[in-house]
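Quick notes on the structure that follows.
The values are calculated or read from the model by the stated rules, or taken from the named source; none is laboratory data. Please read these numbers as outputs of a predicted model, since none were measured by experiment. For neighbour counting, all protein chains shown are included, and Cβ atoms are generated from backbone atoms with ideal geometry for every residue, glycine included. Calculation scope for accessible area: heavy atoms of the full protein, side chains included, ligands and nucleic acids excluded. Shrake-Rupley method; radii C 1.70, N 1.55, O 1.52, S 1.80 Å.
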Amino acid sequence: MQPTIRPIQKNDDAELGKLIKTVLTEFKANKLGTAYFDESTDHLSTVFEDPNSAYWVLEEEGKILGGGGVFPTSGLPAATCELVKLYLYPEARGKGFGKALMDKCFESAKELGYENMYLESMPELNQAVSMYEKLGFEHQCAALGDSGHFGCDIWMVKKL
């Protein structure tokens, strides 16, 4: 059975928090200045009540396999959103599901009127960085916006 991609719901919060912390720990990226210590990680549904944001959950037979979203992070240039909290459990990787989630985020961002998408990552997440490069993201010399994720030192932007 193929997984489905659906909007976030309140009852997803605990499982999504667990997913994010599990993946960051797996890649030894559970460090200060990352989503691991971001207080919003455990209640994402309230974060994405913002009308200029969207968060998508990858689910198969009631089990959450991943998620990702777009958010109008403070301080970003006009018409730019941030790709945020994109994580997949190991069993969901290498099957095109990450790309499907990214495509859903691109679609949402365009529908919300964004022209550019920004993201922050780190060398520990090199598999993700490689996917971002393949999908047209270009490396930047410095951070944009005020995400508070000082533990990230890879910054990328894509024209939508």
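By the gyration tensor of its Cα atoms, with a ≥ b ≥ c the square roots of the eigenvalues, what is the shape of the stretch 74-159: rounded for a/c under 1.5, prolate for a/b over b/c, or oblate?
oblate
Note down the Stokes-Einstein diffusion coefficient of the stretch 1-121 in µm²/s, whole number, using a Kirkwood radius over alpha carbon pairs, 37 °C, and 0.692 mPa s.
Estimated via Stokes-Einstein, D reaches 226 µm²/s.
Please identify, among D42, D146, D13, the residue showing maximal mean-square fluctuation in a Gaussian network model of the chain using a 10 angstrom Cα cutoff.
Highest fluctuation among the options: D146.
Most mobile of E49, E15, E120 per a Gaussian network model of the chain (Cα springs, under 10 Å)?
E49
So how strong a dipole does the stretch 1-90 carry about its Cα centre when Lys and Arg Cβ are +1 and Asp and Glu Cβ are -1, to the nearest 20 debye?
Dipole about the Cα centre, nearest 20: 240 debye.
Tell me, what is the 1.4 Å probe accessible area of R6, in Å² to the nearest 10?
40
Kindly give the semi-axes, whole Å and largest first, of the ellipsoid equivalent to the stretch 1-59, taking each as the square root of 5 times a Cα gyration tensor eigenvalue.
Value: 21, 16, 9 Å, ordered largest first.
Using a cut-off of under 15 Å, list every residue of the stretch 145-160 whose amide N is near the label point 7 Å from the Cα of E133 along the Cα-to-beta-carbon line.
What the label zone holds, given the 15 Å backbone N cut-off, is 154-157.
First compute the accessible area of the chain with a 1.4 Å probe, then give the percent of it belonging to carbon and sulfur atoms.
Carbon with sulfur: 53 percent of the solvent-accessible area.
Quick one: of K18/K158; K134/K158; K10/K63; K18/K159; K18/K63; K104/K158, which pairs are farther than 20 Å apart, Cα to Cα?
K18/K158; K18/K159
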